[in-house]
1. Go through the stretch 250-268 residue by residue and tally those that are of a type in the set (A, V, I, L, M, F, W, C) and open to solvent by less than 50 Å² (accessible area, probe 1.4 Å).
2. For the stretch 269-288, enumerate the residues that are more than 18 Å from Ile247 (Cα to Cα), open to solvent by 30 Å² or more (accessible area, probe 1.4 Å) and assigned to a loop (DSSP other than H, G, I, E, B).
3. Inspect the stretch 158-170 for any residue being over 33 Å from the mean Cα position of the chain (by Cα) and without any contact (Cβ under 8 Å) to a residue 12 or more places away in the chain and give the result as yes or no.
4. For the stretch 292-321, enumerate the residues that are touching a Ser or Thr at 6+ places or on another chain (Cβ under 7 Å) and under 27 Å from Ala177 (Cβ atoms).
5. List the number of the failed condition for Val164; all other conditions in (1) in contact with a Leu (Cβ under 9 Å, 6 or more places away or on another chain); (2) outside any helix (DSSP H, G or I); (3) more than 20 Å from Asp342 (Cα to Cα) hold.
6. Residues in the stretch 206-248 that are open to solvent by 50 Å² or more (accessible area, probe 1.4 Å), over 19 Å from Arg289 (Cβ atoms) and either part of a strand (DSSP E or B) or in contact with a Gly (Cβ under 9 Å, 6 or more places away or on another chain) (or both): how many?
7. Please identify the pairs in which a residue from the stretch 304-320 that is modelled with pLDDT of 75 or more has its Cβ atom under 6 Å from the Cβ atom of a residue that is of a type in the set (D, E, K, R), counting only partners at least 6 apart or on another chain.
8. If Asp264 satisfies all but one of (1) without any contact (Cβ under 8 Å) to a residue 60 or more places away in the chain; (2) within 29 Å of the chain's Cα centre (by Cα), what's the number of the condition it fails?
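The values are calculated or read from the model by the stated rules, or taken from the named source; none is laboratory data. All values reported here derive from a predicted model rather than from experimental measurement. A quick note on method: Cβ atoms are made from the backbone with ideal geometry, for glycine too, and the neighbour counts reach across all protein chains shown. Accessible surface areas use protein heavy atoms only, side chains included; no ligands, DNA or RNA. Shrake-Rupley method; radii C 1.70, N 1.55, O 1.52, S 1.80 Å.
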Amino acid sequence: MSARACPNRISIWRSWSTAGRAPIFRQLLTESVILALLGGGFGWAVAAWGTDGLLALAPDVGLPGMEEIGLDGRILLFTGLVTLGTGIVFGFFPAMRISSSDVYSGVRNGTGGRKLGGRVRNGLVVSQVAMALVLLVGAGLLIRSFQRLNAADLGFDPEGVLTVSLALPGTRFTDGAERITYYHTLLERLEGIPGVVAAGATNSLPLAANDGDVDFVIEGEAPPEAPDANVAWIRRVTRGYFTTMGIRLIDGRDFELRDDAAADRVVIVNETLARRYYDYPRRNPVGTRVAIGTGDDPTWRTIAGIARDTRHFNIRDGTRPAMCFPYQQVPSMAMTMVLRTDGD
C-alpha cells in the first residue's frame, strides 16, 4: 500500500463516520425508548394484577375507601409520561456520546474521548447510586410505617372474630320491645353454635368510622358553654360485646340482663373520657352520673364501668371520649352481630 493511498482512505472513513452519526443516534435512542415502554407496560400489568389480587385477599368488612382502590386513567397517563421521559433521558446521552465519537482518532490515539467519557460514565453511576439510595430509604420507611401500623394497639382483639350486619324491617318491628326480643333471642341461638366462644352485638364496630356525638353534663358541675361543651361519641352494645371483642374493662362492671328498659339508666365510658373529664385515676367516675343532652329534660345515667380505648376512625388517629349504652335501654333497628370462635 502506497503512502499516497492512505490519506484518501482515511478521508473516506471520516466522511462515512460523520454521515452515519444521525442514523446511529436515532437507532440507539429508539432502542432505549422501546425498552423503557416495554418495562413500563410490564410494570403496569404487574400493578393491575397485584392490585386485583390484594383486593381479592382483603377481608369483606366494609373498610372505608376500599371501593376507590384501583388503577385509573390518571395513573396510566402518569406512568406513560414517566416511562417515555425515562427512555428519552437515559437514552439521549449515551446515544449522543456513541454517535458523535471520532472512530479514527480513537483508533489512532487509543485514548480518544476516554477522559470525557469517563466523566460521563462516573456521573451516571453516581446518579444511579443516588436514586437507588433514595428508593432504598423510601422502601425502608414504608416498611417501617407498615410495621408500626401492624403493631398498633387497637384496643380490641380481631383474631377469631366474625361479624354480620343486620337491619330489621321497620314495617314488622315497629316497637322497641320487639327489637330487643329479636336480638336477645338471636344472641342466645348464636351462642349455642358449636365453636362459638362468645357473642354480642353493636351498632358501630371499631374502625367502622360511623359517627354520632352527644353533649353531656357531669353531675355537680355547671354545664360548659359552647364551644367547650362536653362531647362524647356514642354506640349501642349488648351484653357480651366487650368480652367477644376482647375489650377489657379496667374498672366497674359490664352490662347485664338486668340493665333493661325498666332499670336505672347506665353507661360505660372509655379511658379517654374518664381521664379528660374526671382526671382518672385520681378521680374515679364509676358510680357518678352524667346527663345526656342539654335540654330541659336530660336523661341521667350512672357510669357502670370504664372500658379500654379502641381505635374507631383510623389506626393512625388517637382516641376520643366515648360512651356505650346498653342495647336494651336504647334499641336500634340495625346492629352488627359479633362472634368469637375457637377455630376457623
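1. Looking only at the stretch 250-268, we keep the residues that are of a type in the set (A, V, I, L, M, F, W, C), and these are 250, 255, 257, 261-263, 266-268.
Narrowing further to those that are open to solvent by less than 50 Å² (accessible area, probe 1.4 Å): 250, 255, 263, 266-268.
Count: 6.
2. If the condition is that a residue be more than 18 Å from Ile247 (Cα to Cα), open to solvent by 30 Å² or more (accessible area, probe 1.4 Å) and assigned to a loop (DSSP other than H, G, I, E, B), then Asp279, Tyr280, Pro281, Arg282, Arg283, Asn284, Gly287, Thr288 are the ones that fit.
3. yes
4. Ile292, Gly293, Ile303 - these are the residues of the stretch 292-321 that are touching a Ser or Thr at 6+ places or on another chain (Cβ under 7 Å) and under 27 Å from Ala177 (Cβ atoms).
5. (3)
6. The qualifying residues number 5.
7. Ala304/Arg253; Gly305/Arg253; Ile306/Asp251; Arg308/Arg248; Asp309/Glu271; Thr319/Asp309
8. Result: Asp264 passes all but (2).
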